[in-house]
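All remarks here apply to the structure that follows.
The values are calculated or read from the model by the stated rules, or taken from the named source; none is laboratory data. Every value quoted in this text rests on a predicted model; they were computed, and no experiment measured them. Cβ atoms come from the backbone with ideal geometry, glycine included; neighbour counts cover every protein chain shown. These area figures cover heavy atoms from the full protein model, side chains too; ligands, DNA and RNA do not enter into them. Shrake-Rupley method; radii C 1.70, N 1.55, O 1.52, S 1.80 Å.
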Amino acid sequence: MEIVWTLLYMLVFPGFLFLTTYGMICEWVDRKLYARFQSRLGPPWFQPEADFIKLLSKEEIIPEAANPVMFRLLPLFALASVLTAFLYLPIWNTAAIYSFSGDLIVVFYLLTIPTLTFFLAGWHSTSLFATLGSVRNVTQLFAYEVPLLISLLGPALLSGSWSLSEMNQFFVERPILLLVNIIGFFVALIAVQGKLERVPFDIPEAETEIVAGSFTEFSGKLLGIFRLAIDLELVVAATLISVVFLGGSFGLHPVLGFILFIVKTLLIVAILALFRTVMARIRIEQMMKFCWRYLAPISLFQLLINILVKAWFL
Amino acid sequence: MLEKVVKWARVKSPWVLHFNTGACNACDIEILAALAPRFDLERFGVQLKGTPRHADVILCSGPVTRQIKDRLVRIYEQMPEPKFIVAVGTCACSGGVFDGCYNVEGGIDSTIPVAAYIPGCPARPEAIIDGVVKLLEKIDQPEKFQEPEQPVMIGGANLDGQ
């Protein structure tokens, strides 16, 4: 019986089936909002599904110089790591399906694996543009990873736990403390934009400079799975921020909690779409400078505030 | 059933690659205008892609020059099947005023098979959208056209099925 439930969790809800559907809805919301902000009509609601099915049905070309095994495996690795990360996030109540002390770090590193697969994908396709894009991928990783982790550590420090479920429970009991983390919330939103490789941090995929970055040589199914993994990464990142900084489901009735989860993730997607609309792409060294000179110190400042709050009030 | 779904997806999500085969830039600017917010091709699912590996449709503008011929064939062969070529502008359709020039091969169809011809000097964004939509219609319902094997032509005397 245990196995049936585990499979149900992994494949149907909140695993593969739910997450792919919701990921595509989020992609559509993102693209539609982006279009509306530019006073365009935007794509119809089935656009991500149509793109995905079309990519699955297309011919799949693997360059002669590329490593065919890595080429086929890497998209699956990206997808699997994001799907695994989602199982550790609380969705409809404060307890995640699987949780242990320290799952914050596990989720964080599972979210890093897609970036590494993008790097390897670009590297193994041996094309000039793909190699350049993958080098930028990794360079960018060093810029946003530190501020993001530090800003996630703030709430963890305040609640005295590294487990997402326990952190969520702590903030549900003391919702006023969520206001303390407001700086960290914005730092995380900006850093997550870098993790998802969206404007203004879409430097690895800069289509005006290096064609399509790491994915230049990818076509058909493989590209489709990579795109799906990016969609899911958007959902997982939005859920992570909603759980850590916005109190997740607030411990309400599961149905209400689930509605709250949808509202909060869509709100975060909307904020990310707004960022994408109002900003232009910056150069890689500008990003390094921005992340290390401003974002990292601000997140450290947030950590300091949390230490003081914990020392005086808790 | 599966075939129907695949066909539906193919018609709803044509990703285009823009390739200048030797145009004077007028058609290119009209293509970009068609992709920009005012005409908003994304409502038909059209997205501009940078690499032939991701694209389904190439929008070719200009006559094929001797210099670009090898590159055009290479780009064409880099695209995954199924692929469609759209000739945008009079020069791309037939070579235009450059036909017979010492450095020009002729229209796009002198080098690779073309699925739709959109004449105009330059072709207006409305004409480009019309051509792409007609091409998609033809992929979707070939039985509605009198000569389904023939390429789509916009505004020509031998416009079929309309």
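Some notes on this structure:
- Enumeration of residues in the range B:105-134 that are of a type in the set (A, V, I, L, M, F, W, C), open to solvent by less than 10 Å² (accessible area, probe 1.4 Å) and either closer than 11 Å to B:Ala92 by Cα or without any contact (Cβ under 8 Å) to a residue 40 or more places away in the chain (or both): B:Ile108, B:Ala116, B:Ile118, B:Ala123
- Inclusion of A:Ser161 among residues that are part of a helix (DSSP H, G or I) and either modelled with pLDDT under 85 or open to solvent by 10 Å² or more (accessible area, probe 1.4 Å) (or both) is not warranted.
- Evaluation of B:Ala26 against the conditions (1) without any contact (Cβ under 8 Å) to a residue 60 or more places away in the chain; (2) on the phi < 0 side of the Ramachandran plot; (3) out of contact with any Leu (no Cβ under 8 Å at 6 or more places or on another chain) shows that the sole unmet condition is (1).
- Pick from the range A:53-71, criterion touching an Asp or Glu at 6+ places or on another chain (Cβ under 9 Å) and assigned to a helix (DSSP H, G or I), ranking: nearest to the other protein chains (Cβ to nearest Cβ): A:Lys54
- In the range A:9-56, the residues that are of a type in the set (D, E, K, R) and surrounded by 17 or more Cβ atoms within 10 Å (Cβ to Cβ): A:Glu27, A:Asp30, A:Arg31, A:Lys32, A:Arg40, A:Glu49, A:Asp51, A:Lys54
- Residue in the range A:253-268 that is charged (D, E, K, R), assigned to a helix (DSSP H, G or I) and surrounded by fewer than 16 Cβ atoms within 10 Å (Cβ to Cβ) present: no
- Here A:Lys310 passes the criteria (1) over 22 Å from the mean Cα position of the chain (by Cα); (2) closer than 15 Å to A:Trp92 by Cβ except the one numbered (2).
- Qualifying residue in the range B:144-151 (condition: in a helix (DSSP H, G or I) and in contact (Cβ under 8 Å) with a residue 12 or more places away in the chain): yes
- Residue check: A:Thr139 meets all listed conditions (1) within 16 Å of the chain's Cα centre (by Cα); (2) part of a helix (DSSP H, G or I); (3) closer than 14 Å to A:Met287 by Cα but one, namely (1).
- Counting residues in the range A:81-89 that are at pLDDT below 85, assigned to a loop (DSSP other than H, G, I, E, B) and within 14 Å of chain B (Cβ to nearest Cβ) gives zero.
- Residue within the range A:226-238 that is open to solvent by 40 Å² or more (accessible area, probe 1.4 Å), basic (Lys, Arg) and within 22 Å of the chain's Cα centre (by Cα) present: yes
- All of (1) part of a helix (DSSP H, G or I); (2) among the small types (Gly, Ala, Ser); (3) open to solvent by 30 Å² or more (accessible area, probe 1.4 Å) hold for A:Ser99 with one exception: (1).
- Meets criteria (assigned to a helix (DSSP H, G or I), more than 24 Å from A:Thr277 (Cβ to Cβ) and touching a Leu at 6+ places or on another chain (Cβ under 7 Å)) for A:Thr6: no
- When the criteria are applied in full, A:Ala191 fails the requirement of being crowded, with 19+ Cβ neighbours inside 10 Å, farther than 17 Å from A:Arg281 by Cβ and of a type outside the set (Asp, Glu).
One line per residue, one yes/no per condition, for (1) among the β-branched types (Val, Ile, Thr); (2) free of Cβ contacts under 8 Å to residues at least 24 places away in the same chain; (3) touching an Asp or Glu at 6+ places or on another chain (Cβ under 8 Å):
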residue: A:Ser134; (1), (2), (3): no, no, no
residue: A:Val138; (1), (2), (3): yes, yes, no
residue: A:Phe142; (1), (2), (3): no, no, no
residue: A:Glu145; (1), (2), (3): no, no, no
residue: A:Leu158; (1), (2), (3): no, no, no
residue: A:Asn181; (1), (2), (3): no, no, no
residue: A:Gly220; (1), (2), (3): no, no, yes
residue: A:Ala229; (1), (2), (3): no, no, no
residue: A:Ala238; (1), (2), (3): no, no, no
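- Complete set of residues in the range A:13-44 that are more than 14 Å from chain B (Cβ to nearest Cβ) and of a type in the set (A, V, I, L, M): A:Leu17, A:Leu19, A:Ile25, A:Val29
- If you check B:Leu2, B:Leu41 for being over 25 Å from A:Arg36 (Cβ atoms) and hydrophobic (A, V, I, L, M, F, W, C), only one passes: B:Leu2.
- Selection of the range B:30-67 for residues being of a type in the set (A, V, I, L, M) and either within 7 Å of another protein chain (Cβ to nearest Cβ) or more than 22 Å from A:Ala212 (Cα to Cα) (or both) yields only B:Val64.
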